[in-house]
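The values are calculated or read from the model by the stated rules, or taken from the named source; none is laboratory data. These numbers were taken from a predicted model, which means no experiment stands behind them. Glycine gets a Cβ as well: all are built from the backbone with ideal geometry, and neighbour counts include every protein chain shown. Heavy atoms of the whole protein, side chains included, go into the accessibility calculation; ligands, DNA and RNA do not. Shrake-Rupley method; radii C 1.70, N 1.55, O 1.52, S 1.80 Å.
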Amino acid sequence: SAECVLLVDPDGRVLYAKNPQEGHAPASLVKLMTLYLAYEDLEAGQVRFDEMVLVSRNAAMTPRYRMGLKPDTVVPLHTLLEGVAIASANDAATALAEWLGGDEASFVARMNAKAMQLGLTATRYANPHGLPDPGQRSTARDLAELTSRLLRDHPDARTMLGGQTFVYNGRVYARHIPLFNDPGGVQALKTGFTNEAGYNLAVSAWRGGQQFVMIVLGARTRALSF
């Protein structure tokens with residue numbers, strides 16, 4: 001019942017498709033590209049996993065959903081990564097983008113350049129978090145390719161996207177997702193939701209030592225997306 005669905009095998013062959021090339025609002029699946037660029041910088045030695053990031057007022061005021069970051073506080077980079085991957089926190093995504101790009105607009109330009117480099121020809125980014133913007137679009141095909149490349153090019157991202165809890169400022173952030181208890185071998189997962197997009201999902205599962213990737217866009221409920 002979702003608007004767009006794509007399931008690909010380890011060789012990129014399509015096993016199931018419904019409207020895979022149809023433009024759709026990606027919602028928080030945008031954060032997959034934010035994470036891609038963060039891990040790119042980490043592996044290049046441009047930033048460190050444990051370095052302290054100064055949170056701007058602009059980042060702290062990013063609309064929900066948020067971690068509750070406060071302006072002019074410092075937060076470990078790895079906590080922002082956890083906030084983006086696990087809590088899908090928009091303030092964490094903005095703080096990360098500003099730290100890595102100097103400002104949000106420069107980071108978004110880099111997101112679009114990387115999309116072109118990866119062959120995501122139907123993808124356009126307008127922000128690092130996925131809040132609604134008419135200029136922000138992607139497709140199930142592009143998102144499947146992005147998910148595959150993120151996990152292949154930056155294997156540490158798999159651990160982050162497979163995480164279910166982290167702690168910041170004395171609070172435990174948890175996501176209760178039944179797919180992680182599924183016998184199908186789900187190892188990495190990112191959800192997204194806006195009223196415009198519906199319920200989106202990017203999931204990687206391992207079966208027989210091989211990675212399968214599935215994208216679901218525009219499901220009517222979170223349970224249906226699962």
Calculated [θ] (222 nm, deg cm²/dmol) that DSSP helices of n ≥ 4 give over the chain, each run adding -39,500 (n - 2.57): -9500 deg cm²/dmol
Residue among L150, A105, A85 farthest towards the positive dipole end of the chain, charges placed on Cβ: A85
Ordering of 191-201, 79-89 by packing [mean C-beta count within 10 Å, highest first]: 79-89, 191-201
The chain: angle of helix 104-117 to the longest principal axis, Cα-based, in degrees nearest 10: 30
Rounded Å value of the spacing that divides the Cα centres of segment 15-58 and segment 95-135: 8
Signed unit charges on C-beta, dipole axis of the chain, positive-most listed residue M67, A95, Y16: Y16
Mean Cα-pair separation over length for segment 114-226, i.e. relative contact order, pairs under 8 Å, 6 or more apart, %: 19
Under 18 Å from K31, Cα to Cα: lysines that are on another chain or at least 8 residues apart: K114, K190
Fraction of accessible area attributable to carbon and sulfur, segment 1-127 (%, probe 1.4 Å): 52
Model label zone, M52; criterion: amide N under 20 Å from point 7 Å along Cα-to-beta-carbon; scope segment 155-181: 167-171
Net charge contributed by nearby residues that have their C-beta within less than 14 Å of L224 (K/R +1, D/E -1): +2
Approximate shape of segment 48-159 as ellipsoid semi-axes (Cα gyration tensor, √5λ), whole Å, largest first: 24, 16, 12
Shape box of the chain [Cα atoms, principal axes, largest first, Å]: 48, 35, 35
The chain: relative contact order as a whole-number percent, Cα under 8 Å and 6+ apart: 26
Surface accessible to a 1.4 Å probe, per residue, for the residues of the chain, Å²: 44
Under 13 Å, Cβ to Cβ, from D142 - net charge with Lys/Arg +1 and Asp/Glu -1: +3
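With a Förster radius of 25 Å, plug the Cβ-Cβ distance of A44 and V74 into 1/(1 + (r/R0)^6) and report the FRET value to the nearest 0.05.
The formula returns an efficiency of 0.65 here.
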Degrees, to the nearest 10: 140-153 long Cα axis against longest axis of the chain: 60
Cα→Cβ-extended label distance, 7 Å offset, between A174 and Y16, nm: 3.0
Aspartates and glutamates whose Cα lies under 15 Å from that of K18, excluding same-chain neighbours fewer than 8 positions away: E3, D142
